[in-house]
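The values are calculated or read from the model by the stated rules, or taken from the named source; none is laboratory data. Note that this is a predicted model, so its numbers are computed, not measured. Here the Cβ is made from the backbone with ideal geometry for all residues, glycine too, and neighbour counts use every protein chain on show.
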Amino acid sequence: MLGTQLASLVDDLPAGTPEALDLVAGFDACLVSGFGRLGDDGAAALAALAAGVAVTPLGDRAAEAAAKLTAGSVADEHLITLAGARAALLGAVHDALLDRVDTALGRTRGEWANPADDVPDAPRNLLEGCRSWLRELAVTGWRGVDHDLVSSSGQVLEAMLADPRLRRLAVLVDGLAAELRASAPIATMDQLPVRRWADLWTRALLLCQAGAWPGGAAETVSGRLLVLGIDVHEHATAVQVQVHGLLEVRGEAAPRLVRTAVAAAKVDTIVGPAIWRLFDGYPALLAALTDGRALTVTDVPLLSSGDLLWADDRAQVGDPADPFVVARLQLPDAVAPPVPPLDRHPVRVAEPVLVEGYAVDNGELVLHGHRLRLDLDRLPTLGPLTPQLVSGSTACVGLLRWDAGQWSLQPLAVQATVKRKPVPMHGGEWASGPTDPKAAKAVKAAGDTVAVLRERASRLLRK
């Protein structure tokens, strides 16, 4: 990314962005107090949200839903309609921001394609049970949530986790319930993560509808995957390692920007580098991350969302592939994937970019007089990247993100000077174990938590 590209990106927001976010904030405030206690301000906020989508196909239904909720009738269909209106407004903001990114970078983006085959419906009784819990949250409001209300999700959550068709929804609801449980009683909290909880509630409610939210049409591809870096999504009971890279598809001139991910269930005592032990069933992927190598994949499904469905037995570790060399030579011409409908949200913007020749000042990247916040809170704890290392870097492969009204850069790999030599480092280097002596010593002192838990589980099964 050049200084001129950064300037065109950060100088101002797309028209209508603040107004759309204000409408969303009004709805989110209703979730704080609860739809069972809507006052005049809450009624006005719902009416304003409905007016914001008046010219869309949701217009009439949103106006009716706002009126019903104001009158005290809290039905699933009304909540779902307004959740859809909220998602539509955030989707419009997302599209405007992503267009700004593509224009600044000169990036080409593919067209969305729906899958041809229908996806089997999940059990409707479980969907209804989940909707019922989400409805109770909405009626009660975050301020009224207590341990009993959180615990009431346990039975349906356990059943959803056991059904692979509902795993996506179940992990989401499990994470929301865990956050609420850790915060209860919420009435005593000074500040609430209002936007975050409203995002999770909205997404869960939409996923509770019969049918499916597909990742797009699938095709089978073969080629070479060049890794740019990893992004780690983690909470107490689950972790996902998402790999961002470029896929050179056989027979195509331009590489494609893709993601692939592996996930595992966990407990809250498995943290830091020990998390990699959960993924020892993916030796090819871990070897490529550890050694900085390309992967040759054969007949692997690729969704139009840009998600490569990982199959380790269809991958072979190839030649060395420095993420900075890959980004310099191929990232400018790469074709980006379209965004699935449900993922159109500003915080889901995560575009790989290369930035070089900058300085770091007080947690901000400074390039040609323009500033970009570094999102150091997202640095994975299972790799060598630290805020100090990022602060001393001069080149970065990262994810361009937008949150809290501003752009930021999440480092995936940095190039810093160590003993007068440029040294690249990335978050996946410790996939086969820490290479830093201090980190390795700490891991050894803590013991192999995963091995201990597996042994205990084995003993229980033998009994």
Only unsatisfied item for Gly281, checking (1) over 22 Å from the mean Cα position of the chain (by Cα); (2) surrounded by fewer than 18 Cβ atoms within 10 Å (Cβ to Cβ); (3) within 17 Å of Val232 (Cβ to Cβ); (4) not acidic (Asp, Glu), is (3)
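Listed here are the residues, each with its yes/no results for (1) crowded, with 19+ Cβ neighbours inside 10 Å; (2) in contact (Cβ under 8 Å) with a residue 40 or more places away in the chain; (3) farther than 25 Å from Glu234 by Cα.
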site	(1), (2), (3)
Pro341	no, yes, no
Ala350	no, yes, no
Val355	yes, yes, yes
Ala359	no, no, yes
Arg373	no, no, no
Gly383	yes, yes, no
Thr386	no, no, no
Would you confirm whether any residue within the stretch 60-71 is on the phi < 0 side of the Ramachandran plot and in contact with a Lys or Arg (Cβ under 9 Å, 6 or more places away or on another chain)? no
If we keep just the residues of the stretch 411-424 that are closer than 18 Å to Val326 by Cβ and surrounded by fewer than 23 Cβ atoms within 10 Å (Cβ to Cβ), which is farthest from the chain's Cα centre (by Cα)? Pro422
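Determine whether Ser391 is surrounded by fewer than 18 Cβ atoms within 10 Å (Cβ to Cβ), over 25 Å from Leu285 (Cα atoms), modelled with pLDDT under 95 and not assigned by TED's automatic domain parsing to the domain that holds Pro273. It would help to see each step written out before you state the result.
Values: surrounded by fewer than 18 Cβ atoms within 10 Å (Cβ to Cβ): yes; over 25 Å from Leu285 (Cα atoms): yes; modelled with pLDDT under 95: yes; not assigned by TED's automatic domain parsing to the domain that holds Pro273: yes.
Against the criterion (surrounded by fewer than 18 Cβ atoms within 10 Å (Cβ to Cβ), over 25 Å from Leu285 (Cα atoms), modelled with pLDDT under 95 and not assigned by TED's automatic domain parsing to the domain that holds Pro273), Ser391 qualifies.
Please state which one of Val297, Val262, Val221 is within 20 Å of Arg167 (Cα to Cα), at pLDDT 95 or above and not hydroxyl-bearing (Ser, Thr, Tyr).
Details: Val297 fails: within 20 Å of Arg167 (Cα to Cα); Val221 fails: within 20 Å of Arg167 (Cα to Cα).
Just a single option satisfies the conditions, and that option is Val262.
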Consider Val221 carefully, then state whether it is crowded, with 18+ Cβ neighbours inside 10 Å and more than 20 Å from Arg348 (Cα to Cα). yes
Answer yes if at least one residue in the stretch 56-74 is under 23 Å from the mean Cα position of the chain (by Cα) and of a type in the set (Lys, Arg), and no otherwise. no
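Okay, residues lined up against (1) without any contact (Cβ under 8 Å) to a residue 60 or more places away in the chain; (2) within 21 Å of Ala25 (Cβ to Cβ); (3) loosely packed, with under 14 Cβ neighbours inside 10 Å:
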| site | (1), (2), (3) |
| --- | --- |
| Gly39 | yes, yes, yes |
| Ala43 | yes, yes, no |
| Leu46 | yes, yes, no |
| Leu49 | yes, yes, no |
| Leu58 | yes, yes, no |
| Lys68 | yes, no, no |
| Glu77 | yes, no, yes |
| Gly84 | no, yes, no |
Considering only the stretch 349-370, state which residues are more than 14 Å from Cys396 (Cβ to Cβ) and either charged (D, E, K, R) or part of a helix (DSSP H, G or I) (or both). Asp361
Scanning for something of a type in the set (A, V, I, L, M), at pLDDT below 95 and in contact with a strand residue (DSSP E or B) (Cβ under 6 Å, 6 or more places away or on another chain), does the stretch 10-23 turn up at least one residue? yes
Hey, among the residues in the stretch 179-208 that are in contact with an Asp or Glu (Cβ under 7 Å, 6 or more places away or on another chain) and over 17 Å from Leu82 (Cα atoms), which one's surrounded by the most Cβ atoms within 10 Å (Cβ to Cβ)? Ala184
Has the stretch 407-430 got any residue that is touching a Phe, Trp or Tyr at 6+ places or on another chain (Cβ under 6 Å), more than 30 Å from Ala253 (Cβ to Cβ) and not small (Gly, Ala, Ser)? no
Run down Ala264, Ala288, Ala253, Ala238 and say which single residue is closer than 24 Å to Glu219 by Cβ and either surrounded by fewer than 22 Cβ atoms within 10 Å (Cβ to Cβ) or within 21 Å of the chain's Cα centre (by Cα) (or both). Ala253
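Does the stretch 436-458 contain any residue that is assigned to a loop (DSSP other than H, G, I, E, B), at pLDDT 70 or above and of a type in the set (Gly, Ala, Ser)?
Within the stretch 436-458, the subset assigned to a loop (DSSP other than H, G, I, E, B) is 436, 447-448.
Right, trim to at pLDDT 70 or above and you get 436.
Next cut, of a type in the set (Gly, Ala, Ser) only: none.
The answer is no, given that none of the residues of the stretch 436-458 is assigned to a loop (DSSP other than H, G, I, E, B), at pLDDT 70 or above and of a type in the set (Gly, Ala, Ser).
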Looking at the stretch 186-202, which of its residues are modelled with pLDDT under 95 and in a helix (DSSP H, G or I)? Ile186, Ala187, Thr188
Looking at this structure, is Ala265 over 21 Å from Val171 (Cα atoms) and among the aliphatic types (A, V, I, L, M)? no
